[in-house]
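The values are calculated or read from the model by the stated rules, or taken from the named source; none is laboratory data. Keep in mind that this is a model prediction, so the values were computed, not measured. Every residue, glycine as well, gets a Cβ built from its backbone with ideal geometry; the counts of neighbours run over all protein chains shown. SASA here: full protein model, heavy atoms, side chains in, ligands and nucleic acids out. Shrake-Rupley method; radii C 1.70, N 1.55, O 1.52, S 1.80 Å.
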Amino acid sequence: MVKPMTAAGAVVCWGVLFAGCTPGVEPTPEPTPEPTFQCTPEAGGDAYGCDQAEFEAMVARDEQYAEAERVYRRVQELQFDLMEAREPMNEELRSLMTGEYLELATSELRDALESGVSYRGNLEVAWVRRATDISDQGSVLALSTCLAPGSLVLTYEGEDSRPTSFQEQVFFKQEDGGLKVASNRVWEVAEC
């Protein structure tokens, strides 16, 4: 026996049948563009496409090199200020160095105090470059630098002289939450 239906019931049944027979249409998601990052090799060179993790690592390493250069420049400034003032190692300078370099700088400042040489001015940091292919005693990074005579004048027994230029490889270690100069290699050059 067929049961009678109301018009509303027929519409509901028709809607259910129609919905069950037609495939559901899902909206096509918009593709999310991948962020494009550009990385530069640590030693320099052409930029290349990289992912976010590589980019963030590059930025962190760039910040380390910038910190190392700030530390190096401050060490140079303080060393010559202390030599000019004929003062021994101070806490600020000590806080920027460690290990072999700290021992050497302490000794050089002591020798400067005891010598008859007076110092006026500072050497000029002519250039600073990343040194990516060298390491010393477990250093975390290195810089190559060149120091020019700048305004430095040495006076001994009434005679003035000016130093020559020096190239230096400077090695840094991470200590106490910051970079410190740990060791160096230095040699005299004709000019920077």
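Ordering V125, V59 by accessible surface, largest first, gives V59, V125; the 1.4 Å probe counts only protein heavy atoms, with every chain in place. Between R162 and R74, the modelled labels are 3.0 nm apart [label points 7 Å from Cα along Cα→Cβ].
Applying the Karplus relation 6.51 cos²θ - 1.76 cosθ + 1.60 with θ = phi - 60° to segment 138-151 yields 3J(HN,Hα) values of x, 5, 8, 6, 9, 10, 9, 9, 9, 9, 9, x, x, 9 Hz, where x marks Gly and Pro. Other residues within the sphere of radius under 14 Å centred on the Cβ of G150, judged by their own Cβ, net out at -2 (K and R +1, D and E -1).
A cut-off of 5 Å between modelled amide H atoms, ignoring neighbours fewer than 5 places along the same chain, links V140 with F172, K173, Q174. The protection proxy used here, the mean number of other Cβ atoms lying within 10 Å of each residue, ranks peptides 83-90, 49-56 as follows, highest first: 83-90, 49-56. Each residue, R61 and R110, gets one label point 7 Å from its Cα in the Cβ direction; the gap between the two is 3.9 nm.
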